[in-house]
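Working notes, beginning with the structure itself.
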Amino acid sequence: MSFITLANTIKIILNMTDVKVIDLQGSVYKIPIYFFSRFEKNALLAVQELLKDPKNFFTEIYQPYKAVDSFTYIYEGQIPSYHEHSCCPRLNSDFQNFEIPTDIKEQGVEKVKEFRKWFKTVEHLIEKPYIFVARLHARWGINTNPRAINLYNSGSVKFKNIKIEVLEKRIDSKIKAAGQFYYKNEKNKAILKRFSKLTFLAKKEEDIYDNDTDYSDQEIKDLLREYDKKFKRPLKADLIEYYRVKLNPEIKMEGLLLERLGFKACGQCHRTDYEKNDVI
């Protein structure tokens, strides 16, 4: 058996042909949750299926993952890895990524590539922000520090000892809090009754089609953004962790199958001289 991170497990789902149209039966949780869209519900059901029976999932509904570079972060578009040992430090280490400054992105792909090369020569200065900002300004004329994005690498053993009862209490608490937010006032109720499944609208620049509420598009987008950040995203993260603990705690899958799906063997724990107590 081989191991992959929870982050790459989710990436498999998000890179399927069309999550919205897959026909999966089941429930995302033991009690009904009414504010997930069809896409969100199908994605969560797909995570369940992948963790429960990887071979069947890959055979029936999966399209191989293709690494795509959106030129938004320093590190992206790389081929994901699978690991021979669940104790591999690369599987369980935190991964920090950094967003490309808007001023650089607006200058095009080649400038982003140039910035990435430069960034890697000064990345060690991130923990010394004043020095880093001075270097950034001297080289690129940018006065602000790139926003650090902690995309922690949710390794297969990072939450190994968490009890499913603890997760259930956490999930139940978030569902309850979301309900309280819904009924907090008439504005929340009116907007969320109409748009709670459509929180992606908060990211759209276009006008909201068929806005039949008494509130402006901006008011709706602001509330949906808050609702998604405070309730929907944290709840989805907890549900995925719940599935992992319940169905496949270490996210074990067959190495040869993962290779056919576009993964590569980890360069550290697949070495012939690798020892389980190796550290990076």
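Listing for the model above:
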read-out	value
Single residue of region 118-150 satisfying the filter (more than 25 Å from the chain's Cα centre (by Cα) and among the basic types (Lys, Arg)) that is modelled with the lowest pLDDT	Lys128
Output for region 192-214, where each listed residue is assigned to a loop (DSSP other than H, G, I, E, B) and either closer than 17 Å to Lys229 by Cβ or in contact (Cβ under 8 Å) with a residue 24 or more places away in the chain (or both)	Lys204, Asp214
Count of residues meeting criterion [under 22 Å from Ser173 (Cβ atoms) and either within 15 Å of the chain's Cα centre (by Cα) or not basic (Lys, Arg) (or both)] in region 217-239	15
Identity of the residue in region 51-70, polar (S, T, N, Q) and under 30 Å from Val109 (Cα atoms), that ends up modelled with the highest pLDDT	Ser70
Hits in region 101-113 - residues which are surrounded by fewer than 15 Cβ atoms within 10 Å (Cβ to Cβ) and either touching a Lys or Arg at 6+ places or on another chain (Cβ under 8 Å) or closer than 15 Å to Gly141 by Cβ (or both)	Thr102, Asp103, Glu106, Gln107
Exclusive hit being over 30 Å from Lys55 (Cβ atoms), outside any helix (DSSP H, G or I) and either modelled with pLDDT of 95 or more or of a type in the set (Gly, Ala, Ser) (or both), set Lys184, Lys189, Lys176	Lys184
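For every residue, the table says whether it meets (1) outside any loop (DSSP other than H, G, I, E, B); (2) at pLDDT below 80; (3) under 15 Å from the mean Cα position of the chain (by Cα); (4) not basic (Lys, Arg).
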position	(1), (2), (3), (4)
Tyr34	no, no, no, yes
Glu49	yes, no, no, yes
Gln78	no, yes, no, yes
Asp103	yes, no, no, yes
Lys111	yes, no, no, no
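The values are calculated or read from the model by the stated rules, or taken from the named source; none is laboratory data. Here the structure is a predicted model, which means the values were calculated and not measured. Cβ atoms come from the backbone with ideal geometry, glycine included; neighbour counts cover every protein chain shown.
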